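Asker: Below are the structure tokens for one structure; questions will follow.
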Amino acid sequence: MSDNEETGLTVPTPTLLAHVEKRCGTFEDPAGLRDGLAYLHEQANVLLPISRVRAIPAGHAVTLSTVLLTRDDCYPAKGKPGHHALHKSALDRIAAAAGVTWKPELSGRRDNGSDPMIVEWREVGEITDLDGSLRLISGTNRQDLREDGANTVAIMDEARDVPTGKRTLISRRKWIVEHAQSKARARAIRSGLGVKSSYHQDDLSRPFVAAKLTFTGDYGDAETNRAVAILAATKALGLGEEAVAGIVRGLTTNAVAPPVARGADRIRFDIDATEATPALVGPPGDDIDDVEPELGDSYSDDDAGDTAGDPEIAERMVELARSKGKLAAKGTPPDMAREAGQMTAEMIRALPLASLERVHLKLSAMPDGDEADDGIPW
């Protein structure tokens, strides 16, 4: 160990740190996790949101990470010789390793703001316990920097002289809100993750280990994994509640590939709208291409031989193609329509449902265009 001559504070040796990091990692098996924790409890300061891990939720794993602290992350604890407390920098790294998410919409001042020298702040965060349940953690701090306020008295008592105390007080008053927020967050981390208010210097010679639940998406079944991956991508891309809800419906009925419903229920429309409203109700299947700029690519000669799709949907697609400027004149040969990036009404009406879905996706992604006018009523 490397010692700090002034405080006697020690930091983990490279050898110990290497041993601890080797035992950390990602665990999907509760038995393996318990074995790893049994070793780490002897060699590190392990911070766990729950006392015992009986099971790991499906599709998840527990990640153990080391948090290495330096002497700059600690300061001597008041009234406790040989003990040190953790600075904000250390607590923030521990919270990040444990997966804490701060909730600004639940945090903020609790005082009425009538006195600028008084601030009471509540900081709220959210953490996922290792059993998959969500838990809120919180901490509060009150700063009273009036002339006779508790914090003012403490600052002046701890200062080595009056001028130093006054300079500290001026700075504290300038950043009173930030001080209250920082101290409230520190309390939330300590109470929520089991971090001690101070550690003996010998304990700080061991690294800290934080645990958090990590989503893996592996449910032990290829179809379920695929559906969950699509669901996660849908949420990440912000495709909307309708798309997410549809995919969830597909998951609950074990229907991974579309369609999860047939006919008009597969693609829903606002009857009063001038164009189709995109409403995916299931993840795209292997027979649906990615959305591309050219509508003509949605049609192939092979499609013409398939059973035509839902007539109502087909007519909606005709009108949508017209509004997008992608409806070719009646009688235009398919090859010419495809070259122009268009489709005729006959081509659309002959498409099977899966191809109509592809047309719907592509048209919905296109900007409105000049409507084709071939002089023929539809």
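Asker: Being surrounded by 14 or more Cβ atoms within 10 Å (Cβ to Cβ), assigned to a helix (DSSP H, G or I) and at pLDDT 90 or above is the filter here; which residues of region 56-95 pass it?
Answerer: Selection gives Asp73, Ala90, Leu91, Asp92, Arg93, Ile94, Ala95.
Asker: Taking only region 109-123 into account, find how many residues are assigned to a strand (DSSP E or B), touching a Leu at 6+ places or on another chain (Cβ under 9 Å) and over 30 Å from Ala211 (Cα atoms).
Answerer: Total satisfying the criteria: 2.
Asker: Another question about this same structure. So which residues in region 80-116 are more than 23 Å from Leu193 (Cβ to Cβ), out of contact with any strand residue (DSSP E or B) (no Cβ under 7 Å at 6 or more places or on another chain) and touching a residue at least 24 places away in the same chain (Cβ under 8 Å), if there are any at all?
Answerer: Residues satisfying the conditions are Asp115, Pro116.
Asker: In region 118-162, how many residues are closer than 30 Å to Arg54 by Cβ and of a type in the set (Val, Ile, Thr)? Give the steps one after another, and end with the answer.
Answerer: The first filter runs over region 118-162 and keeps only residues closer than 30 Å to Arg54 by Cβ, leaving 124-139.
Now drop any that are not of a type in the set (Val, Ile, Thr), which leaves 124, 127-128, 137.
The number of residues fulfilling the criteria is 4.
Asker: The conditions are (1) crowded, with 21+ Cβ neighbours inside 10 Å; (2) in contact with a Gly (Cβ under 9 Å, 6 or more places away or on another chain), and Thr224 fails exactly one of them. Which is it?
Answerer: (1)
Asker: Report those helices (runs of 4 or more DSSP H) wholly inside region 129-232 carrying at least 2 residues which are over 22 Å from Ala97 (Cβ atoms), in contact (Cβ under 8 Å) with a residue 12 or more places away in the chain and among the charged types (D, E, K, R). Please lay out each step first, then the result.
Answerer: Details: elements: 150-158, 162-174, 176-193.
Because the criterion is at least 2 residues that are over 22 Å from Ala97 (Cβ atoms), in contact (Cβ under 8 Å) with a residue 12 or more places away in the chain and among the charged types (D, E, K, R), the helices (runs of 4 or more DSSP H) in region 129-232 that meet it are 162-174.
Asker: Just a yes or no: is a residue in region 172-187 polar (S, T, N, Q) and farther than 27 Å from Leu47 by Cβ?
Answerer: no
Asker: For Thr152, work out the one condition from (1) surrounded by fewer than 16 Cβ atoms within 10 Å (Cβ to Cβ); (2) more than 24 Å from Leu91 (Cα to Cα) it doesn't fulfil.
Answerer: (1)
Asker: Could you please let me know if Gln201 is surrounded by 14 or more Cβ atoms within 10 Å (Cβ to Cβ) and modelled with pLDDT of 95 or more?
Answerer: Taking the combined requirement at face value, the residue does not satisfy it.
Asker: Which condition does Glu126 not pass, out of (1) free of Cβ contacts under 8 Å to residues at least 60 places away in the same chain; (2) in contact with a helix residue (DSSP H, G or I) (Cβ under 9 Å, 6 or more places away or on another chain); (3) part of a strand (DSSP E or B), if it passes all the others?
Answerer: Just one mismatch for Glu126, condition (2).
Asker: Identify all residues within region 294-340 that are at pLDDT below 80 and of a type in the set (Ser, Thr, Tyr); write none if there are none.
Answerer: If the condition is that a residue be at pLDDT below 80 and of a type in the set (Ser, Thr, Tyr), then Ser298, Tyr299, Ser300, Thr307 are the ones that fit.
Asker: What are the residues in region 341-358 that are modelled with pLDDT under 75 and of a type in the set (A, V, I, L, M), if any?
Answerer: Selection gives Leu353, Ala354, Leu356.
Asker: Tell me whether region 20-29 contains one or more residues that are of a type outside the set (Gly, Ala, Ser), modelled with pLDDT of 90 or more and within 19 Å of Gly194 (Cβ to Cβ).
Answerer: Yes, region 20-29 has at least one match.
Asker: What number goes with the only condition from (1) in contact with a strand residue (DSSP E or B) (Cβ under 6 Å, 6 or more places away or on another chain); (2) surrounded by fewer than 20 Cβ atoms within 10 Å (Cβ to Cβ) that Ala211 does not pass?
Answerer: With (1) in contact with a strand residue (DSSP E or B) (Cβ under 6 Å, 6 or more places away or on another chain); (2) surrounded by fewer than 20 Cβ atoms within 10 Å (Cβ to Cβ) applied to Ala211, the lone miss is (2).
The values are calculated or read from the model by the stated rules, or taken from the named source; none is laboratory data. Here the structure is a predicted model, which is why all the values come from computation and not from measurement. Ideal geometry is used to build each Cβ from the backbone, glycine not excepted, and the neighbour counts take in all protein chains shown.
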